[in-house]
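Where a number appears in this text, it was derived from the coordinates with a stated rule and is not lab data. Since we're looking at a predicted model, the values are computed, not measured. Every residue, glycine among them, receives a Cβ derived from its backbone with ideal geometry; neighbour counts consider all protein chains shown.
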Amino acid sequence: MNIEIYPLEKVVIDGISIYLGMKQSAVENAIGKGQLVGNRYYYYNAEMAIDYNDNKTIEFIEFLGGIDGKIQPIIYGEYVFKTKADDLYGILREKNNGKICDLENGYSYSFLNICVGIYRSSIPQNVQEMIVEAAENGTPMEASEIEYEMKQANFWATIGIGVEGYYD
């Protein structure tokens, strides 16, 4: 599945454009009905979610599969989940060219000018602290555990795009 993300505009899924502001009925005609959970509609084995506003138009699209997911979206020519977290952050910062919300200390960022948000469940500093703490407690982490935790810290788990002003 080929997916390209165009901030403030659309996502293209195997040649089918899903636009921010698009009516829910048009989305369903294009890619089918999503599974409603809470206020979100999930598609493609819950690796993509769409939030609609009160007018039933798209206000937010999110990809949730991370590096191990089947869906590997591209933004600005880069694979979102396969690009190192710091590298993708740098690309998004450059394209945003303005204020970035970073209230979660490296776990997530919202790029306000391009209405893109990224999230990860861990940061490298936390993994280093986990390794030291485990060793101090006499239960050192195994190499496979460290590898897993570092992968979660060094790559983004989700990316979302919203309508203009979504993150304000």
If only one of Lys151, Lys99 is at negative phi, out of contact with any helix residue (DSSP H, G or I) (no Cβ under 6 Å at 6 or more places or on another chain), in contact (Cβ under 8 Å) with a residue 40 or more places away in the chain and surrounded by fewer than 18 Cβ atoms within 10 Å (Cβ to Cβ), which one is it? Lys151
Just the residues that are part of a loop (DSSP other than H, G, I, E, B) and among the aliphatic types (A, V, I, L, M), please, taken from the range 150-168. Ala157, Val163
Of these, Asn45, Asn29, which one is in a loop (DSSP other than H, G, I, E, B) and of a type in the set (S, T, N, Q)? Asn45
Within the range 55-81, can you find the residues that are in a loop (DSSP other than H, G, I, E, B) and of a type outside the set (A, V, I, L, M, F, W, C)? Asn55, Lys56, Gly65, Gly66, Asp68, Gly69, Lys70, Gln72, Pro73, Tyr76, Gly77
Out of Ser121, Ser110, I need the residue that is surrounded by fewer than 16 Cβ atoms within 10 Å (Cβ to Cβ), within 15 Å of the chain's Cα centre (by Cα) and not acidic (Asp, Glu). Which one? Ser121
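Test Phe63 against the stated conditions and say whether it is under 15 Å from Ile18 (Cα atoms) and hydrophobic (A, V, I, L, M, F, W, C).
Yes: the conditions hold for Phe63.
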Scan of the range 113-146 for residues that are of a type outside the set (A, V, I, L, M) and either within 23 Å of Glu78 (Cβ to Cβ) or in contact with a Pro (Cβ under 9 Å, 6 or more places away or on another chain) (or both), ordered by number: Asn113, Cys115, Gly117, Tyr119, Arg120, Ser121, Ser122, Pro124
Of residues in the range 1-26 being among the aliphatic types (A, V, I, L, M) and outside any loop (DSSP other than H, G, I, E, B), the one surrounded by the fewest Cβ atoms within 10 Å (Cβ to Cβ): Ile16
